[in-house]
Amino acid sequence: MKRIVVLSFCLMAGNAFADTGSPQLKSESQSVIRQAGYQCDTVNSVYPAAFGGSLTVSCDSDHKYIIRKKDGQYTVEKD
């Protein structure tokens, strides 16, 4: 699953401002956020960083998270 998120980072980088993310990317981002202990019932949007390396995820219309990969592990920070 984590490999798919990384692959999605690469594939979606060119379309970062074109849409709010594919259903698969939203689902996997939600899973990573929940595994980190944060609440995310509905993913509103997922935007890869312009130069890669992170995703900005908007959940439940009022929570924002940043997902980064560090040392082979995903980290989630509340924005």
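Computed from the coordinates by the stated procedures, all read-outs in this text should not be read as laboratory data. Just so it is clear, the model here is predicted, and its values are computed rather than measured. Neighbour counts run over all protein chains shown; Cβ positions are idealised from the backbone, glycine included.
The label-point distance for Lys64 and Phe51, in a model that sets each label 7 Å from Cα toward Cβ, rounds to 1.9 nm. Put simply, the amide H of Ser54, placed in the peptide plane, has neighbours under 5 Å in Ala49, leaving out anything fewer than 5 places away on its chain. Based on C-alpha pairs under 8 angstrom that are at least 6 apart in sequence, the stretch 23-78 has a relative contact order of 26 percent. Tell me which of Ser22, Ala36, Gln73 sits at the most positive position along the dipole axis of the stretch 20-79, charges placed on C-beta atoms (Lys, Arg +1; Asp, Glu -1). So the residue furthest toward the plus end is Gln73.
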